[in-house]
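First comes the structure, then the notes that go with it.
The values are calculated or read from the model by the stated rules, or taken from the named source; none is laboratory data. As the structure is a prediction and not an experimental result, all values here were calculated from the model. Here the Cβ is made from the backbone with ideal geometry for all residues, glycine too, and neighbour counts use every protein chain on show. Heavy atoms of the whole protein, side chains included, go into the accessibility calculation; ligands, DNA and RNA do not. Shrake-Rupley method; radii C 1.70, N 1.55, O 1.52, S 1.80 Å.
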Amino acid sequence: MSSSRLAGKRLILAVTGSIAAYKAVGLLRLLTQQGAEVQVVMTESSTRFVAPLTFEVLSGSPVTCDLFSSHQDMKHLSLPEQADLMLVAPCTANTLAKLALGLADNVLGTMALTLQCPMVICPAMDGEMWLHPTVQAHAKTLKDRGATIVEPEKGELASGQWGHGRLATEENILATLQGILQPRRDWRGERVLISAGPTQEPIDPVRFLSNGSSGKMGYAMAEAVAARGAEVVLVSGPTHLVCPQDVTRVAVVTADEMLQALTARFDWATTLIMAAAVGDFRAQKPYSHKMKKEQWNGDALPLERTPDILLALSAQRTHQRMIGFAAETEDLIEHGQIKLQRKQLDMLIANQVGGEHSAFGNDSNEVIVLTSNAAPYPIPRAPKRHLAETLLDCIKNLSTSSKSQHSVPSSTT
Ligand SMILES: Cc1cc2nc3c(=O)[nH]c(=O)nc-3n(C[C@H](O)[C@H](O)[C@H](O)COP(=O)(O)O)c2cc1C
C-alpha cells in the first residue's frame, strides 16, 4: 500500500448520522497515517453518535459542525476551495438525498455546492433503505454528476440482520481515494496544440473588434492535459490568465496571427484542440492612426471575413485528432453538427453563449459533445477545470474508426 498518493493531500471527511459513524474514526486515522491533511465536517445527527472531540483530537484541527458558528472564517467556502477531495463517509440516506437535490441547510450541503474537487460518497444504511428506488435514484444522480459512489457491502448490519448496506471497508475506500488522487499520465507521448481566448481585429491603433471569451476553458484544457503528461503548446489570444505549469504559450492577437502560429506547429501536434473564440470579421481597411470621432461621417465600417482556421488546418491534416468548440446562442446541437461535418472534426464541443449561464467568462460550463458516430453526449455544469478532465477522457476514447477516417498511414501517428 503506497502512502505517497495521499501524502500532503487536503481532504474533507464529512461524517453523517449513521450507526457506522464510529467507523469514520478509523478512517480518519488511516488517512492521516497516509500523510493526508484531514478537516472533519459533521452533521448535527452524527454528533449524537460520535463526539466531535474525538475527530478534533485525531485530526489536529477543529471540527466544523455548525454553518452559523463557522461563518467568521467562512469555512463552508474556504475548505471546499482548498480541498483535493471530499469524502462523505458514512453517508446516510438523508444526506444522499440532500446532496442529490443540492440542499444547503447544513455545512456539508453548503460545501458540496462550492466544491472544486472530486467527491467520494460512501453510503451506509439498512439494506432495505439502500435498495429503495428513491435512494438508488439519488445515488445515480450524484454518479451522473461526477461523484464517485463507493457501494455499501453485503453483510451483517447494525440491526443484526443480513443486508446490503454496510459501509464499504477501509481498504475499498482507501483504494478508491488512491485511484482518484493518483496523477494520471494517460496523455504521455501526445503533443497537444491548443488555442484559447479571443482574437482582436484592429479598427485603428486603439480600437478593435473582439468578443467576450476569457480563455478559461482553453487554459483549463492546457493545464489538465499537461498534468496528464502531454507536451502542450497553447496559442493564446489576449487574456489576463497565467500560463499553466509545463505549458508553452505563444501569444497572438489577430485571427491571422493565430492561424500562422497554429499552422507552424500543426505537423508537430498529435491533437489540436481549438478552444479559441476566433473573431469572424475584421475591418477591411484598419485606419493607420486613431480615427477622431469628429471625422466620422456616419459611414458604416466595411468588414470582411477572417480566415477560417479550422477549415484551413483541416485541409492540411495528416494524422492529427481535431477537436473544435462551437459557441452558439441557439440550436446548439444542430449548428454544432453542421460545424462538425463541414470542418471534418473528430469531435465538436458545443456550448451556449449569451445569457446568464454563458460559457464566456464563467468559471463553470456545461457542454454537449458531438461526434459523427455517437449520440450527442451532454456533460452537466461543472468547474471548467473538472470539465477539462472529462473532455480529455472523451477525446482519449474517440473511436479509432473516426480517427482513421482522416489518417494517413499509421507510421505517422
Ligand atoms: C440508532 C440510529 C442509527 C441510524 N443509522 C442510520 C444509518 O446507518 N444510515 C442512515 O441512512 N440513517 C441512519 N439513521 C437515521 C439518521 O440518523 C437520520 O436520517 C438523520 O436525519 C440523518 O441526518 P444527517 O444525514 O444530517 O446526518 C439512524 C438513526 C438512528 C437513531
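Can you tell me how many residues in the stretch 321-337 are of a type in the set (A, V, I, L, M) and at pLDDT below 90? Explain how you work it out, then say what you get.
As a first pass, look at the stretch 321-337 and keep what is of a type in the set (A, V, I, L, M): 322-323, 326-327, 332-333.
The next check asks that each one be at pLDDT below 90; those that pass are 327, 332.
Count: 2.
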Strands (runs of 3 or more DSSP E) enclosed by the stretch 112-170 - at least 1 residues per element that are over 29 Å from M74 (Cβ atoms) and in contact with a His (Cβ under 6 Å, 6 or more places away or on another chain): 153-156
- request: For V232, work out the one condition from (1) assigned to a helix (DSSP H, G or I); (2) modelled with pLDDT of 95 or more; (3) farther than 30 Å from E304 by Cα it doesn't fulfil.
  value: (1)
query: Out of A137, A93, A100, which single residue is within 25 Å of E389 (Cβ to Cβ), assigned by TED's automatic domain parsing to the domain that holds V41 and within 16 Å of the ligand (Cβ to nearest atom)?
result: A100
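What about A230, is it under 18 Å from D363 (Cα atoms), touching a Phe, Trp or Tyr at 6+ places or on another chain (Cβ under 9 Å), open to solvent by less than 20 Å² (accessible area, probe 1.4 Å) and not polar (S, T, N, Q)?
So A230 fails the test.
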Residue list for the stretch 140-161, restricted to those being hydrophobic (A, V, I, L, M, F, W, C) and within 15 Å of the ligand (Cβ to nearest atom): L142, I149, V150, L157, A158
- request: Would you mind finding the one in E334, E330 that is out of contact with any strand residue (DSSP E or B) (no Cβ under 8 Å at 6 or more places or on another chain), assigned to a loop (DSSP other than H, G, I, E, B) and open to solvent by 50 Å² or more (accessible area, probe 1.4 Å)?
  value: E330
- request: Look at the stretch 174-209 and say how many of its residues are assigned to a strand (DSSP E or B), closer than 21 Å to T271 by Cα and open to solvent by 10 Å² or more (accessible area, probe 1.4 Å).
  value: 1
- request: For the stretch 111-128, enumerate the residues that are within 14 Å of the ligand (Cβ to nearest atom) and crowded, with 19+ Cβ neighbours inside 10 Å.
  value: M111, A112, I121, C122, P123, A124, M125, D126
- prompt: If you scan the stretch 93-111, which residues turn out to be outside any loop (DSSP other than H, G, I, E, B) and touching a residue at least 60 places away in the same chain (Cβ under 8 Å)?
  reply: N94, T95, V107, L108, M111
field: Sole residue being within 24 Å of the chain's Cα centre (by Cα), farther than 25 Å from G163 by Cβ and open to solvent by 40 Å² or more (accessible area, probe 1.4 Å), chosen from L79, L103
entry: L103
field: Any hit, the stretch 151-158, residues being within 27 Å of the chain's Cα centre (by Cα) and surrounded by fewer than 22 Cβ atoms within 10 Å (Cβ to Cβ)
entry: yes
message: A21 - would you say it is within 15 Å of the ligand (Cβ to nearest atom) and either over 22 Å from L113 (Cα atoms) or not acidic (D, E) (or both)?
response: yes
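Here's the yes/no breakdown for (1) in contact (Cβ under 8 Å) with a residue 40 or more places away in the chain; (2) over 19 Å from A220 (Cβ atoms); (3) out of contact with any Pro (no Cβ under 7 Å at 6 or more places or on another chain):
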| site | (1), (2), (3) |
| --- | --- |
| T239 | yes, no, yes |
| C243 | no, no, yes |
| V247 | no, no, yes |
| V250 | no, no, yes |
| A255 | yes, yes, no |
| L259 | yes, yes, no |
| R265 | yes, yes, yes |
| L272 | yes, no, yes |
| A275 | yes, no, yes |
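For the stretch 244-323, which fully contained strands (runs of 3 or more DSSP E) count at least 2 residues that are open to solvent by 20 Å² or more (accessible area, probe 1.4 Å)?
247-251, 281-283, 303-305
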statement: Just one listed residue, out of V88, V25, is open to solvent by less than 10 Å² (accessible area, probe 1.4 Å) and in the same structural domain as G109 (by TED's automatic domain parsing), and it is V88
task: Go through the stretch 61-76 and give me each residue that's surrounded by fewer than 16 Cβ atoms within 10 Å (Cβ to Cβ) and either within 16 Å of the ligand (Cβ to nearest atom) or of a type in the set (A, V, I, L, M, F, W, C) (or both).
output: D66, F68, M74
message: Where the second residue is modelled with pLDDT under 95 and among the basic types (K, R) and the first is under 27 Å from R321 (Cα atoms) and lies in the stretch 169-189, which pairs have Cβ atoms under 7 Å and are six or more apart or on separate chains?
response: Q182/R5; R184/R228; R185/R228; D186/R228; D186/K396; W187/R228
- request: Only residues that are of a type in the set (A, V, I, L, M, F, W, C), more than 16 Å from the ligand (Cβ to nearest atom) and open to solvent by 50 Å² or more (accessible area, probe 1.4 Å): list them for the stretch 30-60, please.
  value: L53, V57, L58
